[in-house]
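Written out below as structure tokens is the structure these notes cover.
The values are calculated or read from the model by the stated rules, or taken from the named source; none is laboratory data. Here the structure is a predicted model, which is why all the values come from computation and not from measurement. Here the Cβ positions follow ideal geometry from the backbone for every residue, glycine too, while neighbour counts run over all protein chains shown. Keep in mind that these areas ignore ligands, DNA and RNA; they rest on the heavy atoms of the full protein, side chains included. Shrake-Rupley method; radii C 1.70, N 1.55, O 1.52, S 1.80 Å.
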Amino acid sequence: MVTPADLRRWDPTALEGVVRAIGVARDRLLDLDHDLRAARLDAWQGVAGDAARTAHHRIESALGGLVAATTAARPAVAVAVDAVVALRSELARVDAFAAAHGFAVDVEGGFADVDPDVARTVAERTSRLADRRSLGTLLQSVLDRADSVDAALVRDLDRAVGRRVGPGGSDPMPRSAAVPPVAALPAGVAAWWQNLSAAEQEDLLRTRPELIGNLDGVPGRVRDAANRARLPGELARVDSALAAATDRLRTAMGGGLLGRQEPHRVAELAAVRADVARRHEEHDALVAVTRTVADPDRQLLLLDVDGHAAPRAAIAVGDVDTADHVAVFTPGFTTTVAGSIADSVSDMRSLRQNAQHQLLLRGRGTESVAAVAWLGYDAPQWDTLMSADRSVASAIDARAGGIDLARFDDGITDARPGRRPHLTALGHSYGSTTTGYALQHTTAVDDAVVFGSPGLGITTLAALHVPAGHTAVVEAAPGDVVAGLGAFGTVPAQLDGIVVLSDRGTAAPDGAPLRGSFGHSEYLTPGTTSQFDIAATAAGLPDQRITGQAPWPRSFGR
Amino acid sequence: MDGFDVSTAAVAAAGITSAAVGDGVRTSDPGPLLLGLAAALPGSAAAVAGPRLAGRLAAATAAVADDLARHAAGLTAAAAGYTTADARVAAVLAALPTGCASS
């Protein structure tokens, strides 16, 4: 088990040195192998000639094995270099997150409370306990990945001897190349993918799409192709499970009316009913996704119907691999894939159109925009309202979702080395809280806009890894009671340094009329000032935005 | 090379090449390079697996180098033997009465 102290001493620079040295040795051995194969003994006839050739071939084979083992060791260590860089970066983020909350990571993976007096009230102590648990989850996630990286390297090194090299010394990846490094951070996944040959990539896409469709760090076009290929099979599988669950329900119902003396049957019936309902939800989610990606210019970047409390999906409008500007939108309370993916993607289509239009007006019409609707976390629902863990009043889903959202954002940029996009994070309602937690983990985001937000889980913008002056909040629309709640940290509009965007009726810089929005759910409606402001941010045109005002002096209430 | 289906020059050249390759392999042992994993990844299982692979590669390298040295020696000896035998056959042929040598 790797400890934080171990991880801090892991040295990617030294590992790179090992990779380079092995490469030099491997090239030299390849040259020697070539020389030996060129020394022909074909003209030597007779018993002595046969014996000499047999010996020659045996030694050639042994030397080839040595070349193959060296060849296999090099990429195995190279993959570890990328993973160690990413792991150390992630550990640094945990350190920063801990420090911002008055904790410090100790050498064994625990947390020292360096500021215990900061929590005076019961509520503050409860909040610190939640922070500590969240930190523990984060750190354990990093250490688990470190263990996985370590185990994968050991496996590849142990397999290196006994391998065979291809004709001409072709450079095969270690056997694990065909198995995606699911435990790696997106940067490691991206490095792994880029190191595969075109044939290996194509083979993986064709034979194991379920392994790469949801893998952050793999290019969007590949994830899209993989997830689309999975859709028919997933639907058939879910429908089969639905039919079986329905049969079980019929059987369970066949015993007649249930009495109080049969509590075991009551429980069984409830479980079967829940299973049927879940399968219906999965079916509906797949149908909604299938219909939504049928429109042109869509990318299905996430499809996971049964791995979590609710089905998950993410669909982009545009190409996240090539767009100059990418926006990732996270919706909130009561959203589901089955019921919300179509509307969320429609919102992103409109937002993208607005952003492209604004770029065109500014003489930047060659720049492209992609917008993603990310329903990749377990958004609280009405039926979880009274749940201790899954209530909309709890930050637990937002914290967990924030980690996944941060990985998703990292994956978009890491899959594009050397040409990262301008990335904007958008969050509505509880989705803004999820976005707030994500921004405490990822450094991939250039701009952030939240709207109808009950809080970002912070009391200072310094906790977010967003450049100063690039976090914005849309002022609360009339009738939006959520936006001023401050249920999760400080009310966003009162955070020092946050940019407040207007939501009032006015005119756009080109004179086009804009109207104010009303209530909690109109911020992305076309024609509103809020949608204009959000689109301008996504397009990298902050100067075009119409600013608003914080509801009261920012020092108030803190 | 009448009397033998072999090119002594080719055998001798293969011997020289084998000897050179053997020397090259011996000085190109990739094993020690993997010992660097222990220093780069302290506390990891790879810090143990790296040296383990290093030992296996070192043994394989030494075996290939030793085999090549023996192989080179054999080829060199064979080439020399064929050359000597060829000279003796040539001398015998030269001593034969005219007419026998071409029969």
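Quick one: which of A:A323, A:A342, A:A327 is in a helix (DSSP H, G or I) and more than 18 Å from A:H520 (Cα to Cα)? Spell out the reasoning first.
Values: A:A323 fails: in a helix (DSSP H, G or I); A:A327 fails: in a helix (DSSP H, G or I).
Result: A:A342 is the single residue among A:A323, A:A342, A:A327 that is in a helix (DSSP H, G or I) and more than 18 Å from A:H520 (Cα to Cα).
In the stretch A:335-361, the qualifying residues are those that are among the hydroxyl-bearing types (S, T, Y) and touching a Phe, Trp or Tyr at 6+ places or on another chain (Cβ under 9 Å), and the one that is nearest to A:D543 (Cα to Cα) is A:S344. In summary, helices (runs of 4 or more DSSP H) completely within the stretch B:18-103 and bearing 2 or more residues that are of a type in the set (G, A, S) occur at B:36-40, B:46-95. Screening A:D113 against (1) out of contact with any strand residue (DSSP E or B) (no Cβ under 8 Å at 6 or more places or on another chain); (2) more than 14 Å from every other protein chain (Cβ to nearest Cβ); (3) charged (D, E, K, R) leaves a single unmet condition, (1).
Output the residues belonging to the stretch A:448-470 that are in a strand (DSSP E or B) and surrounded by fewer than 24 Cβ atoms within 10 Å (Cβ to Cβ).
So the first thing to find is which residues in the stretch A:448-470 are in a strand (DSSP E or B), and the list is A:448-451, A:458.
Within the stretch A:448-470, just A:I458 meets the criteria.
Conditions (1) closer than 21 Å to B:A60 by Cβ; (2) of a type outside the set (G, A, S); (3) surrounded by fewer than 17 Cβ atoms within 10 Å (Cβ to Cβ); (4) modelled with pLDDT under 85, marked per residue:
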| site | (1), (2), (3), (4) |
| --- | --- |
| A:R175 | yes, yes, yes, yes |
| A:A184 | no, no, no, yes |
| A:A191 | no, no, no, yes |
| A:S197 | no, no, yes, yes |
| A:V222 | no, yes, no, no |
| A:G233 | no, no, yes, no |
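Residues satisfying the criterion are absent from the stretch A:533-546 (criterion: over 24 Å from A:G365 (Cβ atoms) and open to solvent by less than 30 Å² (accessible area, probe 1.4 Å)).
Is there a residue being within 30 Å of A:V18 (Cβ to Cβ) and of a type outside the set (A, V, I, L, M) anywhere in the stretch B:62-82? Yes. Is there a residue being over 30 Å from B:Y82 (Cβ atoms), part of a helix (DSSP H, G or I), in contact (Cβ under 8 Å) with a residue 12 or more places away in the chain and open to solvent by 90 Å² or more (accessible area, probe 1.4 Å) anywhere in the stretch A:33-43? No, there is no match, as no residue in the stretch A:33-43 is over 30 Å from B:Y82 (Cβ atoms), part of a helix (DSSP H, G or I), in contact (Cβ under 8 Å) with a residue 12 or more places away in the chain and open to solvent by 90 Å² or more (accessible area, probe 1.4 Å). Only one of (1) assigned to a helix (DSSP H, G or I); (2) of a type in the set (S, T, N, Q); (3) facing chain B (nearest Cβ under 7 Å) is not met by A:S89, so which one is it? Checking A:S89 against (1) assigned to a helix (DSSP H, G or I); (2) of a type in the set (S, T, N, Q); (3) facing chain B (nearest Cβ under 7 Å), the one that fails is (3). Filtering the stretch A:17-50 to residues that are facing chain B (nearest Cβ under 9 Å) and closer than 16 Å to B:A72 by Cα leaves A:L32, A:D33, A:D35, A:L36, A:A38, A:A39, A:R40, A:L41, A:W44, A:A48, A:G49.
Of the residues that sit in the stretch B:25-79 and are at the interface with chain A (Cβ under 7 Å from one of its Cβ atoms) and hydroxyl-bearing (S, T, Y), which one is surrounded by the fewest Cβ atoms within 10 Å (Cβ to Cβ)? The residue in question is B:S28. Residues that are assigned to a loop (DSSP other than H, G, I, E, B) and in contact with a Phe, Trp or Tyr (Cβ under 8 Å, 6 or more places away or on another chain) within the stretch A:481-523 comprise A:A483, A:D503, A:A508, A:S517, A:Y523, listed in sequence order. Would it be correct to say that A:L286 is over 30 Å from A:G455 (Cβ atoms), assigned to a helix (DSSP H, G or I), open to solvent by less than 10 Å² (accessible area, probe 1.4 Å) and of a type outside the set (G, A, S)? So A:L286 fits the description; yes. Restricting attention to the stretch A:51-79, and to residues there that are touching a residue at least 24 places away in the same chain (Cβ under 8 Å) and of a type in the set (S, T, Y), which single residue is farthest from the other protein chains (Cβ to nearest Cβ)? The extreme case among them is A:T71.
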